[in-house]
Amino acid sequence: MPSSKISEISNAVAKSLNDAREIPKPDIDDVDLIIYSMGSYPPAHILYVSLLHSGKKATLTSAAEASIHILPYRENVGKIIAFVYNRKDPSIVNLAQVSSLLNIDLKIYGPKLHPAYEERIESLNVEKVDVESEFPLMTLSLASLLWTWNILPASRSERIKNEVDEMETSPQWLEERYKDEISALKDSEKLNYVLYTFSTKPGAEYLRLLLKKLGSPSPRLLELERISDVEEESKVITYISTVEEHFYPNVKLETQIKKLDQVIIRFNTDPLTTGIYSMIFSSIIAGGKVL
């Protein structure tokens, strides 16, 4: 019998998946840039990884970097998909202004913004797809998988589709699989660092947002290769996938040298779904909160 916390997360994932299915699917054949703004990194990363594994070329970048350093200087820019989460994010408006000025095909996905921002984006003739969901980040992240599973090789695409269709059951098996690690992380507000790999960065970013929403101190996020920068005797959670683990042979030694109180979460999952599983795990250790 799942706990009430796990049931709440499962219900939130189920609602998010239903909402994700209602979002109009973009044409991703010629997507050139995938852009994130404040807080919207997880769905952008998941879409980016899915396109990489489909053999497509795309660049993942922030709204500010794209507006200042990429769009004004790159010729023949293809389609752009941008994700927004913060309802008062000026960087997404700046991106819309630059894209409109340069006649670039930009489509923005996210919850309704501040009315003044919505009005400005509409006046620029930039398409904004409103995501009407109680859990917009989870919804957009699941949508990124729904948009791309069918462009993978047949055997893998069917497996990813089945995983996504059954995603609402994942909180229960994650709790069962990592029960010892979850117990060790019961004081998640005392975390000093979250270390992550490429595949698990969505979960790390999501955990930071969850803890901030709960009013807990924000842990410092670092790529796992920077474990040597972690201060001694820190409380650390490390997100890593099993396919990446052999690239980090120094983790055990650094943990011993620095006397870290470290909990390692090893995701033995497909790299395409590791991001979403790491997000759901973050919700578990953040008391069942879903964004």
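Using the alpha-carbon atoms, what tilt in degrees (0 to 90, nearest 10) does helix 136-146 show relative to the longest principal axis of the chain?
80 degrees
Under 5 Å between amide hydrogens, which residues at least 5 positions from Leu221 or on another chain qualify, with H placed 1.01 Å from N in the peptide plane?
Residues meeting the criterion, in which the H sits 1.01 Å from N, are Val194.
Hey, got the dipole for the chain? About the Cα centre, +1 on K and R Cβ, -1 on D and E Cβ, debye to the nearest 20?
The calculation lands at about 320 debye.
When the expected Rg is taken as 2.2 N^0.38 Å, what fraction or multiple of it is the alpha-carbon Rg of the range 53-175?
Rg over 2.2 N^0.38 Å, computed on Cα atoms: 1.23.
For the range 24-130, what is the charge dipole size about the Cα centre, in debye to the nearest 20, if Lys and Arg each add +1 at the Cβ and Asp and Glu each add -1 at the Cβ?
240 debye
Provide the per-residue ³J(HN,Hα) series for the range 108-125, in order, calculated from phi with Karplus coefficients 6.51, -1.76, 1.60 and θ = phi - 60°, each as a whole number of Hz, with x at glycine and proline positions.
Karplus-based 3J(HN,Hα) across the range 108-125 equals 10, 10, x, x, 4, 8, 3, x, 5, 6, 4, 4, 5, 5, 5, 5, 8, 6 Hz.
Sorting check: for 196-209, 94-107, 251-264, which peptide has the highest mean count of neighbouring beta carbons within 10 Å, and how do the rest follow?
Ranked from most to least packed, the peptides come out as 196-209, 94-107, 251-264.
Can you give me the long-range amide H partners of Val129? Hydrogens built in the peptide plane at 1.01 Å from N, cutoff under 5 Å, separation of 5 or more residues or another chain.
Ile108, Tyr109, Gly110
Compare the Cα positions of Trp147, Leu210, Ile104 along the charge dipole of the range 88-239 (+1 at Cβ of Lys, Arg; -1 at Cβ of Asp, Glu; about the Cα centre) and return the one farthest towards the positive end.
My answer, from the dipole projection, is Ile104.
What is the distance in Å between the Cα centroid of the range 20-62 and that of the range 243-274?
Result: 26 Å between the Cα centres.
Given the Cα-Cα distance of Lys213 and Arg226 and 0.36 nm per residue of separation, how much length would full extension add, in nm?
That pair, Lys213 and Arg226, stretches by 2.0 nm at full extension.
Mind giving me the nanometre distance, one decimal, between the label points for Glu166 and Asp180, set 7 Å out from Cα along Cα→Cβ?
The answer from the label model is 2.5 nm.
Please figure out what share of the DSSP beta bridges in the chain is antiparallel and state it in percent, rounded to the nearest 5.
Bridges in the chain that DSSP calls antiparallel: roughly 0 percent.
Read the figures in this text as sums done on the coordinates, not as results from a lab. As the structure is a computational prediction, the values presented were derived from the model and not from experiment. Quick reminder, even Gly has a Cβ in these numbers, built from the backbone with ideal geometry, and neighbours come from all protein chains shown.
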